[in-house]
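Presented below is the structure to which this report refers.
The values are calculated or read from the model by the stated rules, or taken from the named source; none is laboratory data. Everything numeric in this text was worked out from a predicted model, so none of it was measured. Please note: Cβ atoms are built from the backbone with ideal geometry, for glycine as well, and neighbour counts cover all protein chains shown. Heavy atoms of the whole protein, side chains included, go into the accessibility calculation; ligands, DNA and RNA do not. Shrake-Rupley method; radii C 1.70, N 1.55, O 1.52, S 1.80 Å.
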Amino acid sequence: MTGFSLDLTEEQRDLRDWVHGFAAEVVRPAAAEWDEREETPWPVIREAAKIGLYGFESLAEMFGDPSGLSLQIANEELFWGDAGIGMALFGTSLAVAGIFAAGTPEQLAEWVPQCFGDADDPKVAAFCVSEPDAGSDVSALRTRARYDEARDEWVLSGQKAWSTNGGIANVHVVVASVDPELGSRGQAAFVVPPGTAGLVGNRKIRKLGLRASHTADVFLDDVRVPGHCLLGGRERLDARLARARERAREAREAQEARQGGKGGEGEKGAGGRGQAAMATFEVSRPTVGAQALGIARAAYEYALEYAGQRVAFGRPIIDNQAIAFALADLRTEIDVVRLLIWRAAWMGRNERPFTAGEGSMAKLRAGELAVTATEKAIQILGGAGYSREHPVERMYRDAKIYTIFEGTSEIQRLVIARAISGRHIP
């Protein structure tokens, strides 16, 4: 019987050191330039593809780690280098997670390699779910998918917002409503192949942070994709819709029987989360937390080094308890958050249910720590921290999105509250 251990394996340590070296030698020196340019750092992506860090094979190896930790380790190290470039490299993995969550083995084999391209000609992919009027509320999607049986094609129409790599992606994964009356349970995910007519992503969004990562609105004007681009296939979708319609009917009957009383389990079962989108977010939440953790750790380390060198009133400022205690608190929180992330990643990889919202716990604490750590780093540096001569101001701008995207902090608390209470808290 193997005893309990928190030691990383040799493979995990090698991965950590490899990604850290790339982040230190390639990413960090380029970070300020691409943040200023607000453009996709294709030279860095090509360099990552050349060494095998960006590509299907490396991501598959990380996904294949039975502990679930490799992907989190790689993300923490890469985002320690720079979050904007890190998102430019790992933004594709969200689309891959969408294909992985809903697709068949055949679809995985067909589409995932096309998300990355190859070392000579790397590509990126986009996961399109948010909409102008449907951000955290993924059940309110208005993008529609209509099946044209005569041509065995799906026709997608609508608008997506805040899509990482939207418009410049080789492959777009789009979540759309097939049966609007079923709300979130009537949604499905589709692959839009390269070069498909009708998809346009020419409205690039200028952002506070993560500026090296391309973000755009995506417009779908009667976009036609072959029937096999429905992730999971038609048979599985029809079976799922039939179950959802039956549950909705049972919920209505139960509510009528209660003569207008408050909805209980029937109402809870019929509403809720957008399955195609939320399945992807469940997979990605610990990874997003690891990205935020990388930002927090980078800010903490920079502030720690600065505090040891900056002399005021005749001594290094770290000799003041106010500074020393602030850094001690940050280091403690970094270790706490890493353990939350690793637990959620292990649970997800080993199909342990998140009975207390463990995935949301990790993402919540990591996102808020990134904001706290970067703000505290600026405070420790003082006026220097407010200057672009030091990277903490960029880290501060990059950090804020982690309390917003892939579920705001408020949504994460709602998920946790529902999980621990067993109630549908509105």
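A few notes on this one:
- Note on the chain: GNM, Cα springs under 10 Å; of Ala150, Ala296, Ala373, the largest mean-square fluctuation is that of Ala150.
- The chain: translational diffusion in µm²/s, Stokes-Einstein, Kirkwood Rh over Cα pairs, 20 °C, 1.002 mPa s: 95 µm²/s
- Mean accessible surface per residue for the range 185-224, computed with a 1.4 Å probe while every protein chain stays in place, in Å²: 41 Å²
- Within the chain: Cβ-based charge dipole about Cα centre, in debye rounded to nearest 20 (Lys, Arg +1; Asp, Glu -1): 1300 debye
- Carbon + sulfur, % of accessible area of the chain - ligands and nucleic acids excluded, 1.4 Å: 52 percent
- Charge tally in the Cβ shell below 10 Å around Pro113, where Lys, Arg are +1 and Asp, Glu are -1, Pro113 excluded: -2
- Volume per residue of the C-alpha convex hull in the range 1-101, rounded to whole Å³: 104 Å³
- Cross-link table Lys123/Lys363; Lys363/Lys400; Lys160/Lys363; Lys50/Lys123, entries beyond 21 Å C-alpha to C-alpha: Lys123/Lys363; Lys160/Lys363
- Counted by Cβ distance under 10 Å from Arg352, the other residues give a net charge of 0, where Lys and Arg count +1 and Asp and Glu count -1.
- The residues of the range 67-148 have, on average, 32 Å² of accessible surface per residue, using a 1.4 Å probe with all protein chains present.
- Only helices reaching 20 angstrom along their own axis (Cα) with mean Kyte-Doolittle hydropathy no lower than -0.5 count here, and for the DSSP H runs of the chain these are 275-309, 321-349, 358-381.
- His172 accessible area, assembled protein chains, probe 1.4 Å, Å²: 10 Å²
- In Hz, Karplus ³J(HN,Hα) per residue of the range 193-207 (6.51, -1.76, 1.60; θ = phi - 60°; x = Gly, Pro): x, x, x, 5, 5, x, 9, 10, x, 8, 9, 6, 9, 8, 10
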